[in-house]
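A short write-up of the structure that comes next.
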Amino acid sequence: MSLAATGDGDTARRADVGCAPARGALTMDDLPAGSSALDCAAVGRLLTHEGAGVTVPEPGMKVTVDSLSVDGSRHGFTVEVAADGTVSYALAADPGAEEHHARAAAPAAPAEPAAARRAACADGAYAVADHKEYGTYDWWIGDDALPGNVSAAEAHRAFDGAIGTITGTRNKCGFGDVVAARSKYHGRTHHEADIDQQARCVSRDHVSVWDAGVLSPGVVATTCSWSRAMPNGQPDWLKEADVRFNTRDYTFTNNPAGDCKNAYDIRSVATHEAGHVFGLAHVGSGHEAQTMYTNSFACTTGARTLGRGDVLGLRALY
């Protein structure tokens, strides 16, 4: 991630940059970096950027939105509010490729498995969102319909396996690292992911939920993560992360084989989203073999296991 700008905490400077309008969704121009979310009464208000959106968090918190899109055109961003109310932003960036913000090419035909595996293990590109799970990620599954109309038990196996791929850094490249974090599934819940129909992060309810529903067309799945600042430059501490699959516009399957047509592999998408939960960000054009590649390919299972860059990103955090 690249930090757009940060305030220096100076009250006079915050006054100079002005405050947000009284009504409607905000933009970064309405609430510039260095302004005060408290002085501007912006906490709890929607802020949008290039089609993505988050609700401005309370002081001491950061919120990040990441959307997995069909064509790679949707990018996430982060809003952080310091303890004194100072606002800062981080915009999606790919340190491994200058063209990360360019529109991705249309999905290509799935690569031959051995060739795809070699590509994944040769590419060391990664990006991080600068948050991590220091303890146990406690999570639930929503009580409505699930992707692919799978049962709750099957969804649990798929999601838990995806989370386990991240915490166990499962890969076919010979890396043996294990993430120093745990997860615990707590069953089904009436709570919903704090993500609206435009794939924006709304105010959090302190319950990490994986579910399915309506998202913006072009968005296959979205993760919203909330974290709290840590001292001495350490990655922020994850406090909640919600995941939603877009079942209005896209078809999902747990077995993308044979005559699969335009269906997304539940486990592959879930592994990508679990990467966001535990602090990985997107990589872009040129890194299609990585689990954290910014767009999604139908009828493939390649993202079920991590590539070299995915593992290096987790190493950088954990």
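For this structure, a couple of remarks:
- Residue check for Asp265: surrounded by fewer than 21 Cβ atoms within 10 Å (Cβ to Cβ) and either of a type in the set (Asp, Glu) or without any contact (Cβ under 8 Å) to a residue 40 or more places away in the chain (or both): no
- Pairs linking a residue in the range 35-49 that is buried (at least 18 other Cβ atoms within 10 Å of the Cβ) to a residue that is of a type in the set (Phe, Trp, Tyr), with Cβ atoms under 7 Å and 6 or more positions apart or on different chains, are His49/Phe77.
- Residue ID - surrounded by the fewest Cβ atoms within 10 Å (Cβ to Cβ), chosen from residues in the range 76-113 that are under 18 Å from the mean Cα position of the chain (by Cα), at pLDDT 50 or above and not in a loop (DSSP other than H, G, I, E, B): Leu91
- Failed condition for Trp226, given (1) more than 22 Å from Leu317 (Cβ to Cβ); (2) not in a loop (DSSP other than H, G, I, E, B): (1)
- Members of the range 53-75 that are among the aliphatic types (A, V, I, L, M), in a strand (DSSP E or B) and more than 12 Å from the chain's Cα centre (by Cα): Val54, Met61
- Residues located in the range 276-286, provided they are closer than 15 Å to Ser69 by Cα and surrounded by 24 or more Cβ atoms within 10 Å (Cβ to Cβ): His276, Ala281, His282, Val283, Gly284
- Test: residue in the range 210-219 that is touching a residue at least 40 places away in the same chain (Cβ under 8 Å), polar (S, T, N, Q), in contact with an Asp or Glu (Cβ under 7 Å, 6 or more places away or on another chain) and part of a loop (DSSP other than H, G, I, E, B): no
For every residue, the table says whether it meets (1) touching a helix residue (DSSP H, G or I) at 6+ places or on another chain (Cβ under 6 Å); (2) assigned to a strand (DSSP E or B); (3) among the β-branched types (Val, Ile, Thr); (4) farther than 26 Å from Asp143 by Cα.
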{"position": "Ile166", "(1), (2), (3), (4)": "yes, no, yes, no"}
{"position": "Thr169", "(1), (2), (3), (4)": "yes, no, yes, yes"}
{"position": "Phe175", "(1), (2), (3), (4)": "yes, no, no, yes"}
{"position": "Ala180", "(1), (2), (3), (4)": "no, no, no, yes"}
{"position": "His186", "(1), (2), (3), (4)": "no, yes, no, no"}
{"position": "His191", "(1), (2), (3), (4)": "no, no, no, no"}
{"position": "His206", "(1), (2), (3), (4)": "no, no, no, no"}
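- Selection from the range 234-249 of residues that are touching a residue at least 60 places away in the same chain (Cβ under 8 Å) and part of a loop (DSSP other than H, G, I, E, B): Pro235, Thr247
- Within the range 166-194, the set of residues being touching a residue at least 60 places away in the same chain (Cβ under 8 Å) and under 17 Å from the mean Cα position of the chain (by Cα) comprises Ile166, Thr167.
- Some residue of the range 164-173 being within 15 Å of Ala241 (Cβ to Cβ) and not hydroxyl-bearing (Ser, Thr, Tyr): yes
- Against the criterion of being part of a loop (DSSP other than H, G, I, E, B), crowded, with 16+ Cβ neighbours inside 10 Å, modelled with pLDDT of 95 or more and not basic (Lys, Arg), Ala162 does not qualify.
The values are calculated or read from the model by the stated rules, or taken from the named source; none is laboratory data. These numbers come from a predicted model, not from an experiment. Please note: Cβ atoms are built from the backbone with ideal geometry, for glycine as well, and neighbour counts cover all protein chains shown.
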